[in-house]
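Bear in mind that the values in this text are calculations on the coordinates, not laboratory data. Only a predicted model underlies this, so the values are computations on that prediction, with no experimental measurement involved. All Cβ positions, even for glycine, are placed from backbone atoms using ideal geometry, and neighbour counts span all protein chains on display.
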Amino acid sequence: MAAQTGKVNYIELITNGIVKENTIFKLALSLCPSIAVTNNLKNGVLMGVAVLFVQVMVNITISLMRKIIHPRIRLPIFMLVISGWVTITDMSMAAAVPDVYKQMGLYIQLIVAFASILARAEMFASKNRIAPSMADGIGMGIGFLFALTVISFFRELIGKGSVWGMPIVHTKPLLIMILPAGGFFAVGILMAFFNWIDVKFFKKGASAHH
Amino acid sequence: MAEAKKEHQLIVSVSPHIKSEETTSRIMWSVTASLLPATIMGAYFFGPRAIFTVAISIITAVLSEYIFQKVINKKTTVSDGSAVLTGLLLGMNLPPSVPFYIPIIGSFVAIVITKQLFGGLGFNVFNPALIGRAFLLISFPKLMTIWREPTAAFVQLDAKTTATPLGILKEEGVAKLMEVFGDKINLYTQLFVGHRAGSIGETSAIALLIGAVFLLYRGYISWHIPVSFLSTAAIIAWIFGGKGALFAGDPVVHLLSGGMLLGAFFMATDYVTCPSVKKGQILFGIGCGFLTMLIRLKGGYPEGVMFAILIMNCFSPLIDRGFKTKVFGAIKQTKEIKK
């Protein structure tokens, strides 16, 4: 975690959220949306973008207010800030992309309850200056967006034989992949895959410590 | 001198001291053998296509186990026969005329996802063959419910498709079933011999019973699960199976059709996924029978054995904990001792 003073390594802050502390593949947080909305690529990407936006804005806001929030009431304040930004996202999406919003409106509203957003507000933004907090938000958000994109890409490809609505594979699709059960399969297998890559290529010998 | 010394040496080893002749592989191969009569009957009724389906299923199961264990640097355990058994059970649970890729996907899911990813034989939570089938049924709902009429002849390759007895019972009722099979005696005989539409290995009651008697005689399975499973299902079928009135159902039709016998004797009794305490096994069987009949009579699917066993598999650890055997010699803590 970056200190209050001294030089901040922004690249490390951003990649931390994407690789080392990826919300879904590493921390296994916010698994509900990763299964509920990822049955096609479009929904997955839009959800990821919504979360990225909320995460960055919440981190910035909390960081701005960190000196005036009393520690005892910090959680209600965090929740108010998060729900404020989620409401903004929710209404913007309802206006801009009404057809997608019809399908996933409920899950956009559920961003309020995402453990990952509250966790970053509590662990990072409330202790750091604005710029690092923003970088952290971008990293975590992109990590989430990346996870949702990968999951929904494979689920749509295998479950429907299409990518972003365009049919690509013309064999019989594995219908289970776009059903909720297939979401668990996809998340589990991808989680195992990314952890395997991590252990195999990035932590030579370091895995013995765990 | 050295020999005399050896004679007086005491060998200290950890328990268990009495070891049985049985090994995992011997049990697996015996169960596989006990399933052969039913498979042969399936091949006889549904022709070479059925043999092809079962063979692909077994080959894929063995290959996926071998390749997966090679990839993750584990000792290959193909020779213990569990992969062959899983492949055979999955093949027996498929409709005879499925395309070739169906058993391949099913076996892969059964072995790699259900068994190996959970840690291999002995660690799987669910029955691998049944998960394979559930995966297929959900993924390919149309292909997995095309049933062929039994032909009993190897020449007639393009047999007619038809509904299973349970399918008829669900969609059109008992009257239609009687119309298809003639009278009640004929219906029972056909079901008993296995001359009906259904999955490859589930149709022939007599062949399945021969295998089951062999397993019971050798002590590889105990009576607890099959008896409680079948009797619960029979009682529920008798009470609630009839249209309109209570106690008007036909338990025999329900017991002999669908995968009831195959499930009760060969799938629910899987050592890994059923409770190991005998009292718990009875509860497990009752649960299976109840859920099967619930799905058959009230659910969306005509057949419920598969989902019933899978649901009860989840409860196995809980049941085992609930019926924990008393430690030998342990004193039950009563109020008097507490004083």
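Computed from Cα positions, the angle between helix B:278-298 and the longest principal axis of chain B comes to roughly 20 degrees.
Over chain A, with a Gaussian network built from C-alpha contacts below 10 Å, which listed residue (A:48, A:143, A:188) shows the highest mean-square fluctuation? Fluctuation is largest for A:188.
In a simple Cβ point-charge model (Lys, Arg +1; Asp, Glu -1; nothing else charged), chain B has a dipole of about 1160 debye relative to its Cα centre. What aspartates and glutamates sit close enough to residue A:200 to cross-link, taking a C-alpha to C-alpha distance under 18 Å and skipping anything fewer than 8 places away on the same chain? Leaving aside aspartates and glutamates fewer than 8 places away in the same chain, those within reach of residue A:200 are A:21. Between B:139, B:97, B:82, the Gaussian network model of chain B with springs among Cα atoms under 10 angstrom shows the greatest mean-square fluctuation at B:139.
Taking B:14, B:31, B:327 as the candidate residues, the one with maximal mean-square fluctuation in a Gaussian network model of chain B, Cα springs under 10 Å, is B:14.
Only DSSP H runs of four or more residues enter the estimate; each adds -39500 (n - 2.57), and after division by the residues of chain A the mean residue ellipticity at 222 nm equals -20500 deg cm²/dmol. Restricting the chymotrypsin sites (Phe, Trp or Tyr not before Pro) of the range B:233-339 to loop positions (DSSP other than H, G, I, E, B) with no more than 11 neighbouring Cβ atoms within 10 Å leaves B:247, B:328. Less than 5 angstrom separates the built amide H of residue B:194 from those of B:205, all sequence-distant by 5 or more or on a different chain. Between the range A:19-78 and the range A:91-118, the C-alpha centres lie 12 angstrom from each other. For residue A:163, the residues 5 or more places off, or on other chains, whose built amide H falls under 5 Å of its own are A:168. Once Lys and Arg get +1 and Asp and Glu get -1 on their Cβ, which of A:77, A:25, A:93 lies farthest toward the positive end of the dipole of the range A:1-93? Among A:77, A:25, A:93, the one farthest towards the positive end of the dipole of the range A:1-93 is A:77.
Compared with the dominant principal axis of the Cα atoms in chain B, helix B:305-322 is inclined by about 30°.
In summary, the helical segments of chain A meeting the span-like criteria, namely a full DSSP H run, a Cα extent along the axis of 27 angstrom or more and a mean Kyte-Doolittle hydropathy of at least -0.5, are A:41-65, A:74-96, A:130-160.
For the range B:241-319 and the range A:132-189, write down the distance between their C-alpha centroids in whole Å. Each part reduced to its Cα centre gives a spacing of 36 Å. Compared with the dominant principal axis of the Cα atoms in chain B, helix B:224-240 is inclined by about 30°. Amide H to amide H distances under 5 Å link residue B:162 with B:147, B:148, B:149, where only residues 5 or more positions off or on other chains count and H is placed in the peptide plane.
Would you mind checking B:115/B:160; B:142/B:298; B:19/B:278; A:26/B:115 for any pair whose Cα atoms are more than 28 angstrom apart?
Details: B:115/B:160 36 Å; B:142/B:298 21 Å; B:19/B:278 21 Å; A:26/B:115 24 Å.
In this structure, B:115/B:160 lie more than 28 Å apart at Cα.
Counting only aspartates and glutamates at least 8 places from residue A:67 when in the same chain, those with an alpha carbon closer than 16 Å to its own are A:122.
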